[in-house]
Amino acid sequence: MRELSLNVMDVAQNSVRAKASLVEISVEESDRDDSMVITISDNGCGMTEEQVQQVTDPFFTTRTTRKVGLGVPLFKLSAEQTGGSFDIRSRIGEGTTTTARYVKSHVDMTPLGDINSTVEIFIRCNPDIDLVFTHRTDLGELRLDTRELREVLGDVSLDTPDVLEWIRQYLEEQSQIIYGGA
Amino acid sequence: MKSLAELQAIRDRARANVTLRKENPNAARVLVGMATCGIAAGARPVLNAFVEEIAKRGLSEDITVTQTGCIGICQFEPVVEVEIPGQDKVTYVKVAPEMVPKIVNDHLVNRNVVTEYTIGAMTK
């Protein structure tokens with residue numbers, strides 16, 4: 001993957017397949033601490049202990065359309081190749097939390113890329129699933145919680161074109177602030 | 001700055017249009033393959049290109065762009081399926097963002113399949 005935001009997009013699909021009603025994506029990056037931590041958690045069906053152990057094996061998948069599952073192994077590799085770490089915790093009926101820790105200055109660090117696009121596409125394609133997106137830098141925090149948007153929108157769906165455009169602009173504005181561009 | 005008041009205005013406009021949208025019998029669907037294989041092959045810019053082209057033409061209420069999983073032809077990713085009610089589903093393969101305006105114009109607007117981009121043409 002050319003961007004970590006693509007790994008996030010890929011792994012978040014596992015939460016969709018796990019029938020999660022709430023997915024939380026968190027990116028915490030710090031130049032001061034030379035670190036980036038990406039966490040994807042959900043309240044989906046969860047996995048057994050055996051499945052958790054198997055899930056980082058590229059030749060394990062719960063899918064039936066093909067015999068390999070590369071999403072989690074690639075995400076794990078992206079973290080470990082920077083000297084970071086990777087962790088999955090899951091409980092049946094409660095959900096799964098995937099955490100990737102990076103050493104930001106490492107030569108093999110993959111750029112985060114367009115994480116806002118990942119968030120927008122997730123909402124566009126899964127308007128019935130709630131998403132909490134948090135992006136923290138040394139300068140501040142961006143937070144988008146679709147549950148709060150739903151309170152305003154009522155019966156109007158999150159995938160309404162004007163709503164998606166509002167979300168896109170909101171993320172762009174807030175990103176400029178946390179990257180010091182505004 | 002984006003405000004919740006703007007979102008309320010959007011809600012009110014959307015409520016006024018919602019009946020219209022639900023009754024649209026010709027709503028088409030664009031499904032972009034977004035499993036690991038599709039994402040790694042460049043599906044995200046393709047999906048974004050469809051969203052932008054459709055918005056530019058004012059067709060966002062008539063065409064839904066969404067994602068699908070792996071359909072088992074990873075070697076042909078990015079794969080895009082176009083579904084128009086009353087017509088056969090068409091599978092476009094190895095789709096690049098620059099191919100998107102032609103698919104939107106020829107197929108989604110004018111109902112002419114872009115044969116040279118389909119899996120049938122690609123496997124000949």
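FYI, it's all coordinate maths here, none of it is from the lab. The shown structure was predicted, so the numbers you read here are calculated from the model rather than taken from an experiment. Cβ coordinates were reconstructed from backbone atoms using ideal geometry, including for glycine residues, and neighbour counts include every protein chain displayed.
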Once Lys and Arg are counted +1 and Asp and Glu -1 for all other residues with Cβ under 11 Å from that of B:VAL82, the total becomes -1
For segment B:8-116, one quarter of the surface area of the C-alpha convex hull, expressed in nm², comes to 7.6 nm²
Taking every residue of B:30-43, the Cβ atoms of other protein chains inside 10 Å of its Cβ average out to 5
Ranked by GNM mean-square fluctuation in chain B (Cα springs under 10 Å), the top entry among B:ALA49, B:ALA27, B:ALA14 is B:ALA14
Between the modelled labels at A:ILE177 and A:GLU165 (7 Å from Cα along Cα→Cβ) the distance in nm is 2.3 nm
Dividing the mean separation of Cα pairs under 8 Å (6+ apart) by the residue count of chain A yields a relative contact order in percent of 24 percent
Other residues with Cβ under 14 Å from the Cβ of A:ILE88 give, with Lys and Arg +1 and Asp and Glu -1, a net charge of -3
Descending packing, highest mean Cβ count within 10 Å first, for A:82-88, B:42-48 is B:42-48, A:82-88
Protection proxy (average C-beta count within 10 Å per residue), highest first, orders A:70-78, A:135-143, A:12-20 as A:70-78, A:12-20, A:135-143
Which of B:LYS2/B:LYS102; A:LYS76/A:LYS104; A:LYS19/A:LYS76 exceed 25 Å between C-alpha atoms? The answer is B:LYS2/B:LYS102
Longest principal axis of chain B (C-alpha) makes with the long axis of helix B:43-56 (C-alpha) an angle, in degrees to the nearest 10, of 50 degrees
One would report the antiparallel percent of DSSP beta bridges in chain B, rounded to the nearest 5, as 55 percent
Averaged over residues of A:5-15, the number of beta carbons from other chains lying within 10 Å of each residue's Cβ is 3
Here the protein assembly as shown gives, from Cα atoms, an Rg and Dmax in Å of 19.8, 58
Here the equivalent ellipsoid of chain A, derived from its Cα gyration tensor, has semi-axes (largest first, whole Å) of 26, 23, 13
Listed by chain and number, the aspartates and glutamates with an alpha carbon less than 19 angstrom from that of B:LYS89, same-chain partners under 8 positions apart left out, are B:ASP62, B:GLU77, B:GLU81, B:ASP106, B:GLU116
antiparallel share of DSSP beta bridges within chain A, to nearest 5, in %, is 80 percent
Final fewest-first order of B:VAL93, B:VAL32, B:VAL100 on the 10 Å Cβ neighbour count is B:VAL93, B:VAL100, B:VAL32
Length gained if A:THR48 through A:GLU28 is fully extended, taking 0.36 nm per residue and subtracting the Cα-Cα distance, is 4.4 nm
Of all DSSP beta bridges with both partners in the protein assembly as shown, the antiparallel percent, nearest 5, is 75 percent
For peptide A:111-119, the mean count of other chain Cβ atoms within 10 Å per residue Cβ is 1
